[in-house]
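*Asks:* Okay, handing you the structure first.
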Amino acid sequence: MKKAVFPGSFDPITLGHVDIIRRAIPLFDEIIIAIGVNAKKNYMFSLDERKNFIGSTFFAEDKISVETYSGLTVDYCKSINADFILRGLRNPADFEFEKAIAQTNRKLSGIETVFLLTSADTSFISSSIVRDIMRNGGDATQLIPPSVKIK
Ligand code: ADP
């Protein structure tokens, strides 16, 4: 049984995340989209809102569930017997950042990180840019799934 955790803030989920998740469905038996809770971060959307946006986007997908966790991602993976972490790569900056985390995670736990390269048409999308657009009254609907309610 191949079980993967896709960890992130998803503040909010974007079409970039959706692309990675959809393309990962054939690779795994189960994918847990895991929203990491970090008390020090200020989020635009509440945990419940973020969870609902993801849940309604993937309600028809049996393989996908949404959970929240705090603490180390590898500890969470072990607690639910997941052997893989799924992450998306958009650019060299993502790669440099993700490389150190993935190597550390493997050293700590043996858990492998599987990277999918973003599709060309969603590679420029980031949650932080979406938040900026929303804060300034712009229209971000082309960058997010319809389940995300504009703030
Ligand atoms: P984090 O705070 O952990 O970076 P994010 O919600 O920003 O959480 O991202 C979660 C994962 O989704 C990361 O692997 C990130 O690289 C990936 N991701 C974000 N935006 C995109 C995108 N446009 N295309 C592909 N992957 C993306």
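*Asks:* Could you pull out the residue among Ile80, Ile31 that is of a type outside the set (Phe, Trp, Tyr), under 30 Å from Met134 (Cα atoms) and in contact (Cβ under 8 Å) with a residue 12 or more places away in the chain?
*Replies:* Ile31
Okay, residues lined up against (1) within 9 Å of the ligand (Cβ to nearest atom); (2) within 28 Å of Lys2 (Cα to Cα):
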| position | (1), (2) |
| --- | --- |
| Tyr76 | no, yes |
| Leu89 | yes, yes |
| Glu96 | no, yes |
| Leu108 | no, yes |
| Gln142 | no, no |
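*Asks:* Look through segment 99-128, keep the residues that are hydroxyl-bearing (Ser, Thr, Tyr) and within 21 Å of Leu27 (Cβ to Cβ), and return whichever of them is surrounded by the fewest Cβ atoms within 10 Å (Cβ to Cβ).
*Replies:* So, considering only residues that are hydroxyl-bearing (Ser, Thr, Tyr) and within 21 Å of Leu27 (Cβ to Cβ), the one surrounded by the fewest Cβ atoms within 10 Å (Cβ to Cβ) is Ser119.
*Asks:* Looking only at segment 28-81, which residues are open to solvent by less than 60 Å² (accessible area, probe 1.4 Å), of a type in the set (S, T, N, Q) and in a loop (DSSP other than H, G, I, E, B)?
*Replies:* Of everything in segment 28-81, just one residue is open to solvent by less than 60 Å² (accessible area, probe 1.4 Å), of a type in the set (S, T, N, Q) and in a loop (DSSP other than H, G, I, E, B), namely Ser46.
*Asks:* Hey, another quick one. Report, by residue number, each residue of segment 134-150 that is buried (at least 16 other Cβ atoms within 10 Å of the Cβ) and without any contact (Cβ under 8 Å) to a residue 12 or more places away in the chain.
*Replies:* Scanning segment 134-150 gives a single hit, Ala140.
The values are calculated or read from the model by the stated rules, or taken from the named source; none is laboratory data. Fair warning: this is a prediction, and the values are worked out from it, not measured in the lab. So basically every Cβ, Gly included, is an ideal-geometry build from the backbone, and we count neighbours across all protein chains shown. Remember, those area values only see protein heavy atoms, side chains included, never the ligands or the DNA or RNA. Shrake-Rupley method; radii C 1.70, N 1.55, O 1.52, S 1.80 Å.
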